[in-house]
Structures are given as structure tokens and as C-alpha cells.
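One structure is given below, encoded as C-alpha cells.
The values are calculated or read from the model by the stated rules, or taken from the named source; none is laboratory data. Values in this document were obtained by computation on a predicted structure and should not be read as measured data. Here the Cβ positions follow ideal geometry from the backbone for every residue, glycine too, while neighbour counts run over all protein chains shown. Note: areas computed on protein heavy atoms with side chains; ligands, DNA, RNA excluded. Shrake-Rupley method; radii C 1.70, N 1.55, O 1.52, S 1.80 Å.
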Amino acid sequence: MTRILVTGGAGYIGSIATHMLLEAGYEVSVLDDLSTGHKDAIDTRARFVEGSILDSDALTAALSNCSAVMHFAGKSLVGESVEKPDLYMQVNVEGSTKLLDAMKVAGIKDIVFSSSAATYGQPGDAPISEQSPTKPTNPYGVTKLKVDELLASRAVTDGIAAVSLRYFNVAGALQTSDGWLAERHNPETHLIPNIFKATPSAPLQVFGTDWPTPDNTCIRDYVHVLDLIDGHISALSIMKPGTYQVLNLGSGSGYSVREVIDTASRVAGRVMPSVDVARRAGDPAVLVASIEKAKKVLNWSPKRDLNQIMQDVVSSGA
Ligand code: UDP
């Protein structure tokens, strides 16, 4: 039986990965310091080590009997990264370095990393391919790119097998026999959960209505979290010692903020209140993935569209 270490397994994406890995027949260990995650989101079938990726002892304990790592743990808010760049360097870059060091001691070579479209920055290309230039526009993107570079260099120096999956906008929820696993961030900054939190007295703020797009709001690529994790599980079978591979995971289609609000309103059967406000710092106008490489290399394609994302978020009651 193959045991996978899921770092950040109490978070939104990590907890869903844990559940799906267990359902796919893997054993799972979770390492999470519960700084932003929720203990009740961790599948009870997983072995849970409470601790930080900055703590070598916790890493050693968590890696016991594992043969591969899915590395989700990290700080992930663009706005916070602008205010606290040192924290992002410490947790994301130093934490990942410590994880790789502990993997080396334990003789574990396979790692799938949660990278981000934020590594590309303000893209000139649409859609964005893995060959597009990487020019992150915020510290969060900088730290994700630094970890990508670290993995590339450790593939050469230590012979690790690394795959970086660059996420676009992840959304949706998973129903389990114990209830729904959904986004529970505090504060919530992401568009889709914020649409469902909106009320007439606290409407959704639409950040910027003067963008160079057809309806003047930003365009993003929303991928269902279940498709995203299917991509991670497929990545486990393409690991090659001494190589580093980078793959975009998105839907391959772009939707404007207004289109996302309209889809949510249609699926929920009520009009989601919104108000137009100024642009948010650091937002690029358009981010849409080319997913041709992931389709080919992982034999993967997303199966769930924006309607399905909305239906699952509505059903989850988030
Ligand atoms: N957005 C918005 N209002 C919100 C949250 C987000 O208008 O309350 C916009 C944001 O400017 C961006 C898109 O929705 O164009 C997606 O933002 P999100 O924070 O979900 O993800 P990001 O693209 O920043 O990773």
C-alpha cells in the first residue's frame, strides 16, 4: 500500500485531496499546524501529525512510511503577502526547503507541489502556457516561483521527481459521508464564496469595472477542486527521478466577474447583490490557462464546468 504525506491536509484543497486519495486506495498521513486549516476537515482514516513544515521533528514524524508527498501547506493570500512578505518567504520557501531536506533524509523522492498561476504575473499571453514568462507581481507569486526553482534544482542535485501544478482559480466543494468539504477561509477573499455570502446590506464588491475586457470586469479560469485533485492523483504516475515537470491546471476557459455572478444567481435562483468598486491592487485583467500540456502528459481533462462548481457550493451551504 502506498502512503502519501499531504502537507496542509486540514485546508480546503488539502482536505479534499486527503479524502480523494483515501477513496482511490492510498494511505494518507497529514501534516498541518492548524494555523488556517480545520481539524474537523481531516478525514479520520488519515494519520494526523499536528505541526509545522518549519519543524524538522514534525516533518520526520509525518514522513514515516510515506513514499510520496503532496505539498499543499503554505500561505496563499495575495493581499496578505504584500503586507507580510517575510512571513511568506519563511513559510512557503523555508518551509518547502525543510520539507525537501527531511524527504532527503527519509529517502523519499516524489513530490507534487501546489504552485500557482501567480508565478506568471501580468501575462502578455492568453491563454497562458507553461512556456509563458514568469514575472510574479506580488510576494505570494514570488515565493511559489522560488519553490518551483528549488524543485527544479533539487531534481538535478538530489535526483528527486518533482511535479509543480500551477493552479488557476480553484472552486467548488466535495460531498463526503460526513458532510461537505468546502472553502472556510477567514477572512474570505475569493470571489465565489464571497458571492454566496453577499446580502443587500453587504453586497459583493466587484473590483474594477474599467478593465480592457468585453464587460470591463476581470476574467479568470475557474477549475473545480475535484478536477484539480484528479490531476494531482494522475501526477503520481508520471514521476520520473531526476526530473522536474510543470503543468497548468485550470479549465481552459475564462469567465468575467459579472458572468460568474450571473451563473451563481441562476444556479441559486436568486439575484446575488453586488456593487461596483475600484480595482483591487495586484489583480491582472485576464488569467486563463492553456491546459494542453496537462491533457497530454496526465491524460487528464476537467469534467466539471462553472455550473457544477456553483451547484456544489450551493449544496454545501457555504
Ligand atoms: N473579486 C471581486 N470581488 C471579490 C473577490 C474577488 O470582484 O470579493 C474578483 C477579483 O478582482 C478577481 C476575481 O474576482 O478579478 C477572482 O478573484 P479571487 O480572489 O477569487 O482569485 P484570484 O484571481 O485573486 O486568485
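Could you please find all residues in the range 197-230 being in contact with a helix residue (DSSP H, G or I) (Cβ under 6 Å, 6 or more places away or on another chain) and part of a helix (DSSP H, G or I)? Those that are in contact with a helix residue (DSSP H, G or I) (Cβ under 6 Å, 6 or more places away or on another chain) and part of a helix (DSSP H, G or I): Val225, Ile229.
Checked against the criterion of being over 21 Å from Trp180 (Cβ atoms), in contact with a Cys (Cβ under 7 Å, 6 or more places away or on another chain), small (Gly, Ala, Ser) and modelled with pLDDT of 95 or more, the candidates Gly242, Gly250, Gly208, Gly254 yield just one match: Gly208.
Can you find a residue that is open to solvent by 40 Å² or more (accessible area, probe 1.4 Å), free of Cβ contacts under 8 Å to residues at least 60 places away in the same chain and away from the ligand (no atom under 11 Å from the Cβ) anywhere in the range 219-231? No, there is no match, as no residue in the range 219-231 is open to solvent by 40 Å² or more (accessible area, probe 1.4 Å), free of Cβ contacts under 8 Å to residues at least 60 places away in the same chain and away from the ligand (no atom under 11 Å from the Cβ). Among residues of the range 254-263 being touching a residue at least 12 places away in the same chain (Cβ under 8 Å) and assigned to a helix (DSSP H, G or I), the one that is surrounded by the most Cβ atoms within 10 Å (Cβ to Cβ) is Val260. Just one of the listed residues (Thr189, Thr137) is assigned to a loop (DSSP other than H, G, I, E, B) and closer than 21 Å to Ala41 by Cβ, and it is Thr189. Of the residues in the range 202-211, none is without any contact (Cβ under 8 Å) to a residue 40 or more places away in the chain, more than 18 Å from Ala10 (Cα to Cα), open to solvent by 70 Å² or more (accessible area, probe 1.4 Å) and within 14 Å of the ligand (Cβ to nearest atom). Here Ser237 meets the list (1) touching a helix residue (DSSP H, G or I) at 6+ places or on another chain (Cβ under 8 Å); (2) free of Cβ contacts under 8 Å to residues at least 12 places away in the same chain; (3) among the hydroxyl-bearing types (Ser, Thr, Tyr) almost entirely, failing just condition (1).
Could you say which residue among Ala62, Ala58, Ala106 is modelled with pLDDT of 95 or more, open to solvent by 50 Å² or more (accessible area, probe 1.4 Å) and more than 24 Å from Arg166 (Cβ to Cβ)? Spell out the reasoning first.
Numbers: Ala62 fails: open to solvent by 50 Å² or more (accessible area, probe 1.4 Å); Ala58 fails: open to solvent by 50 Å² or more (accessible area, probe 1.4 Å).
Only one candidate passes the filter, namely Ala106.
Any chance the range 273-295 includes a residue that's among the acidic types (Asp, Glu), in a helix (DSSP H, G or I) and either at pLDDT 95 or above or within 16 Å of the ligand (Cβ to nearest atom) (or both)? The answer is yes, given that some residue of the range 273-295 is among the acidic types (Asp, Glu), in a helix (DSSP H, G or I) and either at pLDDT 95 or above or within 16 Å of the ligand (Cβ to nearest atom) (or both). Taking the range 237-253 as the range and being of a type in the set (Ser, Thr, Tyr), over 14 Å from the mean Cα position of the chain (by Cα) and either assigned to a strand (DSSP E or B) or under 20 Å from Val223 (Cα atoms) (or both) as the test, the residues that pass are Tyr244, Ser253. Checked against (1) of a type outside the set (S, T, N, Q); (2) within 16 Å of the ligand (Cβ to nearest atom); (3) surrounded by fewer than 18 Cβ atoms within 10 Å (Cβ to Cβ), Asp305 passes all but a single condition, namely (2). Just so you know, in the range 174-189 the residues that are within 12 Å of the ligand (Cβ to nearest atom) and surrounded by fewer than 16 Cβ atoms within 10 Å (Cβ to Cβ) include one that is modelled with the lowest pLDDT, and it is His185.
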